[in-house]
Each structure stands twice: as structure tokens, then as C-alpha cells.
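Colleague: First the structure, then my questions, so here it is.
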Amino acid sequence: MKLFTRRLIFRGLLAATHIFVCGHLAAQILPVMAPWTSVDTISTRVSGKTNHLPFPADAPVRPSLFAVANYGKQVAYSGDLDQFNTKWWMGGQQLSDYNNQRKMLQSGYHFLPSFNTGYMMRRQGYSSVSPNTDKVTDPHSCIDTPCILNTQKMQTDAALVHSTIGDGGYYNVGNEEDNSYSDDVAPAVYVGQFDAWVSAIKRADPRAHIVAPSITSWSGSANTTSNPWGTAGTWFKTFVSDYKRGHGGRKPPIDVLSMHLYNFDPTTALRSVEAANRYVQEVGNFRKAADQLGYEGSPIWITEIGFLYEPNAASLTPAEARQMTRVLTQLAQRASALNLQRLFYFTGGSSGAEEGLMPLYDPNTAASPGRILPLTDAGRVLRNVADAPLPSLSRPSSVP
């Protein structure tokens, strides 16, 4: 948990500057799938009537369903993204290699920039509080008490990002606001920060799409040390309520709802292998609540997803590979029904392996636009799922 804490803090500060076997999914590692009761459908028009048909058993995973959240030292280039059949990546506020990644954007790839809020926003100089002021010295400003925001810097940085990604881009506002080891901000205080970022972004690009709020897993966590504002679900519902109260009943202008998925126990906030089996349920809970709050048509993006296993492990065990394959396949199967549009797999370089969060790419290989990075076990699992046809949801798999 302490190591994970360091990743969160490092990632938040980084934002200021900037998935076992090759080929198709091996049937022998697919466990029995959950006997889903509902079936994803496609609609056809016949004689003026709409007919809902089950997805065919060989329906492919939609391109760019999986994406890469790249927070390591390695730069993600087009060939590295292509391994997962994706053209999307994220990794902070700015491109890591402007010249080469700018060419990627011009050729149809997409970058999702991220803007921090709360405590991390303070550390990055977006408020009147000195960036060097820690929580011991000031545990309140920008966290549970509103602070004076440096709106000029916010507008300047939003304009800079817009000049990079162009019109109609997507902008992520906030990072685990419910988590004391990350942005750490009360819902009511986030309202003002959210408004300020949206204003700065829309000032630069009126066509911009807002992705928010990138909370932790819906049920995480009842541990008040890691989640002082209650579970992520509670935080989100309170934020929407607080926002409506101050905006004449209007809900927050969010185009894409966002959440993270890591296998932490919802009670203790400690790493739990079992918790990964609940990823689909977590997304379902988010979808149900969001619909009730007026976001029926809004897609969900998982702006970070990962599987924390044994720290420093150089490879996945067969059981870990099977779990990853099963869970990622289930998420892909349910994507249409849940309006789950994109999942960014977190890769953090060598530091991730220390926490049990295996990176996608071999951390000992330097990235280069002309060379495709070799994959780790985790990377090969993700590639296999992204390349494989999906088993039909209408019946459980019979493969042991």
C-alpha cells in the first residue's frame, strides 16, 4: 500500500509536465465464464420493425476498446499502441515526445490529457498556496476548503494542450479525487475546481469533451485513511448533488464518465486478488447510479485499470494470467450493455513491478519510434484479449 501510495503521488506530480501467449486467445487458459442472464444485442430494421439479435459468437473486440495509460519513462509510439489494436493513450498533461507523438496525432491517434485537482493541483502551482506546502503544514487548502485558483495558469496550460491535440479533443479533469493519496478533495470543493478547469478548457476549445471525475473503484473504499470522503460511489453522488445545488439544478457538464479499476479490498483498501473478479460489477454499479443521476447516454471510460499481484514478480503465474484473461474478456463482453467505451491499461515502467502492477512493456527496453517494444506477460494477455473474438454472452463458455 505504501508503494502504491508513492505511485499515486508520483503520477499526480508527473501530470503537470507531461496487457501470455502470442496470437489469438488460447482456449486452454479460458476459465468458465459467468452465466450472464442478459445478452448484448444488435438492432436491425426489417419490414419497419426493430429486431434485437444476439451478438454473434465471433464478434471481435471493438478497436480501441483497450488503450494505454502510460506513466512510465518509456514513450508510447504508434507501433506500441498497435499491439493492442488501439489508437488511444494517456499519460499526463503533455506529450512525452512532442515531435514524434504530434505526428501520431496527425495520423489518427488520440491523446487524453489529464488535469489534476485538489491537493495535487496545489502541488502543481495552480493555487495561491505554495507548491511546497505539504499536508502537515496545511491540511485544508484546496482539499476540504476552497482556495484561490491561479486561473491564468489554468487557461495558459489548457490552451497549450489544445494547440497540441486540436479541436474537439477529450480532457480528463481530476484523478482519484476521493483518494487521500492522490488528488484528495472534498466533493463540494471539487465543484469549484471542476468549473475552473472546464471554463479554461472551453475557453481554448468550445468543442472540447470533458472526461470526469476518474474516481477510484465504485465500492472503494470504506477505509477512511485512504478514502476520507467515503466510498468513491458516495463521493461521486455527493459531487453531483453539490454541483446541482450551486447551479440551479443543472448536473455537471460531463461528456464521458470516468473511473479507475484496481484490485483493492473495498473494506481494508489493501491489495486483494479476489477484488479483480468484481471489476464488471463495479462498472455496473457506476452505470446504474450514473443513469439515475441523469447520465443515461454518457459513456464510461476506465481511465486506469490494472491487476496488482506479487511485488517484483518478473512473470505472471498461470492463475494470474487466467484471471486477467477472464476479467478483461468479461469487460469486453459487457462493454456494449454498459456503454463502456474505453479502458486504459496502466503501465508504469519498473516502478509498477515493485507494487505488483506489472507494466505492459519490457521496462529494460528503450522506446523508439522505429522499434516496437517487447511485451511482458501482462502485455501479452492484453494483446491476446484485444485480438480475440469474444465468446457469446448468451451462454457460458464450456471450456474449462
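Colleague: Suppose the filter is within 19 Å of the chain's Cα centre (by Cα) and either closer than 26 Å to Y109 by Cβ or of a type in the set (D, E) (or both); does A159 pass it?
Modeller: No: the conditions fail for A159.
Colleague: Suppose the filter is part of a helix (DSSP H, G or I) and of a type in the set (K, R); does R287 pass it? Explain how you work it out, then say what you get.
Modeller: Values: part of a helix (DSSP H, G or I): yes; of a type in the set (K, R): yes.
Answer is yes for this residue.
Yes/no matrix, rows are residues, columns are (1) of a type outside the set (S, T, N, Q); (2) at pLDDT 95 or above; (3) not in a loop (DSSP other than H, G, I, E, B):
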| position | (1), (2), (3) |
| --- | --- |
| V185 | yes, yes, no |
| F194 | yes, yes, yes |
| S199 | no, yes, yes |
| R203 | yes, yes, yes |
| A212 | yes, yes, yes |
| G220 | yes, no, no |
| G230 | yes, no, no |
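Colleague: Hey, can you tell me all the residues within segment 186-225 that are hydroxyl-bearing (S, T, Y) and surrounded by fewer than 21 Cβ atoms within 10 Å (Cβ to Cβ)?
Modeller: S199, S219, T224, T225
Colleague: Also, I was wondering about something else. Restricting attention to segment 344-365, and to residues there that are part of a loop (DSSP other than H, G, I, E, B) and farther than 17 Å from L81 by Cβ, which single residue is modelled with the lowest pLDDT?
Modeller: Only one residue tops the list, namely G356.
Colleague: Only one residue in P228, P311, P299 is under 17 Å from F66 (Cβ atoms), surrounded by fewer than 21 Cβ atoms within 10 Å (Cβ to Cβ) and not charged (D, E, K, R), so which one is that?
Modeller: It is P299.
Colleague: Here's a follow-up. Looking at G125, G169, G91, G108, which one is crowded, with 24+ Cβ neighbours inside 10 Å and either within 30 Å of A366 (Cβ to Cβ) or of a type outside the set (D, E, K, R) (or both)?
Modeller: G91
Colleague: Any chance you could count how many residues in segment 41-72 are farther than 23 Å from Q106 by Cα, at pLDDT below 85 and outside any strand (DSSP E or B)?
Modeller: Residues of segment 41-72 farther than 23 Å from Q106 by Cα: 41-61, 72.
Then keep just the ones that are at pLDDT below 85; that gives 41-60, 72.
Checking the rest, the ones that are also outside any strand (DSSP E or B) come to 47-48, 55-59, 72.
So the count comes out to 8.
Colleague: Does G297 qualify as being of a type outside the set (V, I, T), farther than 23 Å from D80 by Cα and not in a strand (DSSP E or B)?
Modeller: Yes: the conditions hold for G297.
Colleague: Next question, about the same structure. Counting only residues that are more than 25 Å from A212 (Cβ to Cβ) and charged (D, E, K, R), which one in segment 128-152 is surrounded by the most Cβ atoms within 10 Å (Cβ to Cβ)?
Modeller: Going through the qualifying residues, I end up with D138.
Colleague: Is it the case that R250 is among the charged types (D, E, K, R), over 15 Å from S214 (Cα atoms), out of contact with any helix residue (DSSP H, G or I) (no Cβ under 7 Å at 6 or more places or on another chain) and modelled with pLDDT of 95 or more?
Modeller: For R250, the condition - among the charged types (D, E, K, R), over 15 Å from S214 (Cα atoms), out of contact with any helix residue (DSSP H, G or I) (no Cβ under 7 Å at 6 or more places or on another chain) and modelled with pLDDT of 95 or more - is not met.
Colleague: Here is a further query. I need a count of the residues in segment 153-165 that are of a type in the set (A, V, I, L, M) and surrounded by fewer than 19 Cβ atoms within 10 Å (Cβ to Cβ).
Modeller: 2
Colleague: Starting from segment 253-272, keep only residues that are within 15 Å of D178 (Cα to Cα), then list their pairs with residues that are crowded, with 20+ Cβ neighbours inside 10 Å and among the charged types (D, E, K, R) whose Cβ atoms are within a distance under 6 Å, requiring at least 6 positions of separation or different chains.
Modeller: From segment 253-272, the pairs are H260/E304.
Colleague: Another question, if that's okay. Could you check, for segment 85-96, whether at least one of its residues is modelled with pLDDT of 95 or more, of a type outside the set (V, I, T) and closer than 15 Å to R371 by Cα?
Modeller: No, segment 85-96 contains no residue that is modelled with pLDDT of 95 or more, of a type outside the set (V, I, T) and closer than 15 Å to R371 by Cα.
Colleague: Output the qualifying pairs, or none if there are none: Cβ atoms under 6 angstrom, residues six or more apart or on different chains, first residue in segment 82-98 and more than 11 Å from F344 (Cα to Cα), second residue acidic (D, E) and assigned to a loop (DSSP other than H, G, I, E, B).
Modeller: Sorted first by the residue in segment 82-98, then by its partner, the list stays empty.
Colleague: Which ones in segment 74-118 are hydroxyl-bearing (S, T, Y) and either touching an Asp or Glu at 6+ places or on another chain (Cβ under 9 Å) or assigned to a loop (DSSP other than H, G, I, E, B) (or both)?
Modeller: Y77, T86, S96, S107, Y109, T117
The values are calculated or read from the model by the stated rules, or taken from the named source; none is laboratory data. Predicted model only: the values in this text are computed from it and were never measured. Cβ: placed from backbone, ideal geometry, glycine included. Neighbour counts: every protein chain shown.
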